[in-house]
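Working notes for the structure below.
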Amino acid sequence: MSEHSTDIAIIGAGLCGLATAALLSNLGVDARVFEASKTAGGRIRSLPGPSSPDLRYDLGPAWIWPHNQRMLQLAEQLDLPLIRQHSAGNLIFQDQTGSIRRDLAFATMGDALRIPGGLTRITDGLAARLPDGTIAYQHAVTAIEQHTSGLTVSGKTPEGPFRVSCRQIILALPPRLAAARIAFLPDLVAETKQDMSAVPTWMAGHAKLVAVYDRPFWRAQGFSGDAISHVGPLVEIHDASAEENPQGEAALFGFVSPHDIQNTADREAFVSRAIKQLKELFGTEAGRPAKVFLKVWATDPLVATPRDQETLTSHPQYGPLPIVESWHDRLFLSGTETAPENGGFLEGALEAAERSVAWVRRHLAKSNKAVPGL
C-alpha cells in the first residue's frame, strides 16, 4: 500500500486540475494532483503526425476564441504563439441529396485561434511548471472517505493500491464520471448524486477524425478546408494543419455525425467511409491520407459513462453544483461543466479553476490557517 498526505487533493489532471494546482502552488498551498492516465491533459489530446513529433493534431478541443481572456492570458504566460484558424478560400457544401457546391465564399470559424503544434502545449506547459511530484500519474481514484480527522482518498496504480490523507478535495473531472466511478463514504445524498449524474460530459458525445496529408492541396485549389455535409459521416470539416502556413504536412479534421457515433466499433470500415467522403468533397488527393486518427470520446472510460452516449441536440446549460450536506466544507465539484459563464469550453475549465481556488481560500481563512499569499 502506497501512502501519501497533502493539504488539497485534486482529482484529475485535465486543464482545470492543472490550472487549479498551478494557482494553489503560486499561493504556497500544498496540493497534489491524482490522474488515472499516463499523461496529463484529460480531454485535451494532441497526437503527432507521420513527419515530425512537433506537428501534433488535436483530437479534442482545438479552438481559442478572441473573447477567451483567460486562455489568451495563459498562452501568453506559457510563451505560446497563436495562429488563426485557416479560412481563406471557398467552403464546400453537401446537401441531403449528396449534391455538392464548391462556390461558397465564406468561412465558418474565421475568428478562431489555435496553438500551433497542438493544444497539449498548454497542458504540457502547465504540468512542467508545477513542482516535482505534484502530479501522481496512473493513480485511479476509486473511493473517498470522510472521518473526524480529515479525508482519505484511495485507489489503484499498476503497482498496487494507494491511500492519501488530506484536508480537502477538488474533483476536477466531469461530475457524471465522478458520480459513477468514485465511492463516497458516507455516501452523497441522493439529490447531490442525481445532480451530478444529470450533467452531460463535455466532448463525450463527440467523435473526431483527423486525416493527415503530405501537403495542404485544398488550399492550392482555392478551398479553405471548411465543409458542411448533410450526408456524413463527417458533418463539419475544417483545416487542422499544425502550422499556419504549412509547406509540407497538413491536415483536415471532421466531426462525426452523431448517429454514426454508436456505429464506430468497426473502425476500419468507418474510416474508409470517411476517407471516401473526403475524396468526394475535396478530390482524388483527399483519398490518400498519410495517417488517420479517430477518437470516439463516448467510449473512453476515463472521460465518459454509458449515459454520455446519448446524442445532444444543443450545448448543455452548465453551472455550479453546490454540496449542501456533510461534505460541504471538504469537497468541491469543479471542472468546466461547473463554470457559470463558460461551461463546456476551455475558458470554462480555467473559470472553474479560479472558483476552486476561491473556495480553498475561503475555508483556509475560516480555519485561520496561515498560508503564504493568502
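The values are calculated or read from the model by the stated rules, or taken from the named source; none is laboratory data. Computed from a predicted model, the values in this text were never measured in an experiment. Because the Cβ atoms are built from the backbone with ideal geometry, glycine has one as well, and the counts that use them run over all protein chains shown. Side chains included, ligands, DNA and RNA excluded: accessible areas come from the protein's heavy atoms. Shrake-Rupley method; radii C 1.70, N 1.55, O 1.52, S 1.80 Å.
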Run down VAL210, VAL235 and say which single residue is within 24 Å of the chain's Cα centre (by Cα) and closer than 22 Å to LEU346 by Cα. VAL210
Could you list, ordered by first residue, the pairs with Cβ atoms under 9 Å in which the first is in the stretch 206-221 and under 24 Å from GLU268 (Cα atoms) and open to solvent by 20 Å² or more (accessible area, probe 1.4 Å) and the second is at pLDDT 95 or above and part of a helix (DSSP H, G or I), at least 6 apart or interchain? ASP214/GLU285; ARG215/GLU285
How many residues are open to solvent by 10 Å² or more (accessible area, probe 1.4 Å) and assigned to a strand (DSSP E or B) when one looks only at the stretch 230-252? 2
In the stretch 37-51, how many are surrounded by fewer than 21 Cβ atoms within 10 Å (Cβ to Cβ) and either touching a Gly at 6+ places or on another chain (Cβ under 9 Å) or free of Cβ contacts under 8 Å to residues at least 60 places away in the same chain (or both)? 3
When every residue in the stretch 302-352 that is in contact (Cβ under 8 Å) with a residue 40 or more places away in the chain, of a type in the set (Val, Ile, Thr) and under 18 Å from ILE261 (Cα atoms) is compared, the one surrounded by the most Cβ atoms within 10 Å (Cβ to Cβ) is VAL303
When every residue in the stretch 130-181 that is in a strand (DSSP E or B) and among the basic types (Lys, Arg) is compared, the one least open to solvent (accessible area, probe 1.4 Å) is ARG163
Taking the criterion of being open to solvent by 40 Å² or more (accessible area, probe 1.4 Å), on the phi < 0 side of the Ramachandran plot and not hydroxyl-bearing (Ser, Thr, Tyr), would at least one residue in the stretch 8-21 satisfy it? no
Being free of Cβ contacts under 8 Å to residues at least 60 places away in the same chain and under 24 Å from PHE345 (Cβ atoms) is the requirement here; does PRO61 meet it? no
All positions within the stretch 83-99 that are closer than 21 Å to ALA251 by Cα and in contact with a helix residue (DSSP H, G or I) (Cβ under 9 Å, 6 or more places away or on another chain): HIS86, ALA88, GLY89, ILE92, GLN94
Tell me which of these ALA358 doesn't satisfy, since it passes every other one: (1) surrounded by 15 or more Cβ atoms within 10 Å (Cβ to Cβ); (2) within 21 Å of LEU126 (Cβ to Cβ). (1)
Just checking, how many residues over the stretch 91-129 are in contact with a Lys or Arg (Cβ under 7 Å, 6 or more places away or on another chain) and either open to solvent by 40 Å² or more (accessible area, probe 1.4 Å) or hydrophobic (A, V, I, L, M, F, W, C) (or both)? 4
Restricting to the stretch 44-64, name every residue that is touching a Pro at 6+ places or on another chain (Cβ under 8 Å) and aliphatic (A, V, I, L, M). ILE44, LEU55
For ARG56, the lone unmet condition from (1) surrounded by 17 or more Cβ atoms within 10 Å (Cβ to Cβ); (2) closer than 25 Å to SER229 by Cα is (2)
